[in-house]
Amino acid sequence: MVQAQESFPEIRDAVRRLCSDFPGDYWQALDRERRYPTEFVTALTQAGFLSVLIPEAFGGSGLGLSAATAILEEIHRSGCNGGACHAQMYTMGTVLKHGSDAQKRTYLPKIASGELRLQAFGVTEPTAGTDTTRIRTFARRIGDTYIVNGQKIWISRAEHSDLMVLLCRTTPREECAKPSDGMSVLLVDMRQAVGNGLTIRPIRTMLNHATTELFFDELEVPAANLIGEEGKGFRYILSGMNAERILIAAECIGDGRFFIDRATAYAKDRSVFGRAIGQNQGVQFPIARAYVQISAAAGMVDKAAQMFDEGLDGGTEANMAKMLASEASWYAADMCVQTHGGFGFAEEYDIERKFRETRLYQVAPISTNLILSHVATHALGLPKSF
Ligand SMILES: Cc1cc2nc3c(=O)[nH]c(=O)nc-3n(C[C@H](O)[C@H](O)[C@H](O)COP(=O)(O)OP(=O)(O)OC[C@H]3O[C@@H](n4cnc5c(N)ncnc54)[C@H](O)[C@@H]3O)c2cc1C
């Protein structure tokens, strides 16, 4: 069978080789103990895979988002999980695009080498939900210091990060011309903050995602850690979100291919009623459908990544890629469990773990309804509902 040429074949091959050192039983043990995959993240960092988006001048490899999508897709196709570390790839984009020269020189080379972990991205709050303009975490400036008070929820990897990109209000919403004005981005040094105004509380979730709740009580952050201009933080955060959506879509493509690979192999191997279960069209067709859906979604992910790399306005494409890929991977997950019958539920097959992991992506980092709302209003010009 002639297969379409894969993009970045050498990078993909190197990622597959690295991932083969982290087989299913490694992830099963972590999942049981709710432990962070430090060894896996260290191996990816040392191999340079997490710094591909950082320009060469700052110690990275200066590649585009398309290369990063290939890396995350292969991680997920191998049965590993990039959710533990994908933020190290793109969260630095806020510093790179909007930080001062001094901030870039201070942080980017150390993020590229892995000396500094920038894994935490603090936006969501319990009372605001998806309506980010209603966040209440407030930073008031006194001289050269911001004093931060408030609360964040679902902040992943906060315990495994040296720095956090934090979105907070610096002007109350009611005093702003537009609801999206008056928010600012601070780079918080977690090593100094924890125990000095910042408390982290882990949240036990359906998947092993190292996510937490954060409480700020008079936390002091130097004003030198403000990224860009005060009050313009929402815009800075939005520009990074497209990259995040495309990269997460690539993880979904990897998950989908993982499920299709596993289901195909099992359907050929498992014999019931004297023949391979995969000989029955009732078993074949869902696998074929998953393949069709993942292939189509992968095309959209490639297009969105290409547009991002070319500097085009691809917000709608990033959203569409994330929605199609997360729905296709969820369909593939369900298909894979069904193909495996009872064995789909057994921990040692890794399918139930990946099933739980891939479900997240229809909710985070943005839920499907909000994507549909973006497409309806931005691409189709329909009236806004909120
Ligand atoms: C494991 C995990 C990790 C996460 N990591 C991070 C992180 O590192 N940093 C961070 O900042 N956040 C993180 N999040 C938060 C995540 O981005 C949010 O959960 C997500 O954006 C949805 O917001 P919400 O949970 O507040 O849902 P809500 O906004 O409360 O929405 C609930 C449901 O209602 C729907 N809905 C809401 N309003 C409308 C509307 N107007 N029309 C139609 N439907 C609507 C939504 O689509 C959704 O399905 C994480 C979440 C999880 C579960």
Strands (runs of 3 or more DSSP E) wholly in segment 118-225 with at least 1 residues that are over 30 Å from residue 32 (Cβ atoms) - which ones? 138-142, 145-156, 163-169, 183-189, 211-222
Can you tell me which condition residue 101 does not meet? The list is (1) within 12 Å of the ligand (Cβ to nearest atom); (2) without any contact (Cβ under 8 Å) to a residue 12 or more places away in the chain, and all the others hold. (1)
Out of (1) outside any loop (DSSP other than H, G, I, E, B); (2) more than 24 Å from residue 155 (Cβ to Cβ), the odd one out for residue 63 is which? (1)
Residues 39, 115, 56: which one is surrounded by fewer than 15 Cβ atoms within 10 Å (Cβ to Cβ), touching a residue at least 12 places away in the same chain (Cβ under 8 Å) and closer than 30 Å to residue 188 by Cβ? 39
Can you spot a residue in segment 189-200 that is closer than 18 Å to residue 104 by Cβ, touching a strand residue (DSSP E or B) at 6+ places or on another chain (Cβ under 7 Å) and free of Cβ contacts under 8 Å to residues at least 40 places away in the same chain? yes
Quick one: would you say residue 329 is modelled with pLDDT of 95 or more and either over 25 Å from residue 32 (Cα atoms) or away from the ligand (no atom under 15 Å from the Cβ) (or both)? yes
Here are 63, 72, 108: which of them is closer than 14 Å to residue 247 by Cβ and crowded, with 23+ Cβ neighbours inside 10 Å? 72
Being surrounded by fewer than 17 Cβ atoms within 10 Å (Cβ to Cβ), more than 15 Å from residue 328 (Cα to Cα) and touching a helix residue (DSSP H, G or I) at 6+ places or on another chain (Cβ under 6 Å) is true for just one of 386, 345. Which residue is that? 345
Considering segment 126-161, residues that are in contact with a helix residue (DSSP H, G or I) (Cβ under 8 Å, 6 or more places away or on another chain) and within 23 Å of residue 373 (Cα to Cα), and then whichever is nearest to the ligand (Cβ to nearest atom), we arrive at 130
Looking at (1) within 15 Å of the ligand (Cβ to nearest atom); (2) more than 22 Å from residue 84 (Cβ to Cβ); (3) hydrophobic (A, V, I, L, M, F, W, C), which one does residue 307 not meet, given that it meets all the others? (1)
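The values are calculated or read from the model by the stated rules, or taken from the named source; none is laboratory data. Everything quoted here is computed from the prediction, not taken from an experiment. Glycine also receives a Cβ, built like all others from the backbone with ideal geometry; neighbour counts cover every protein chain displayed.
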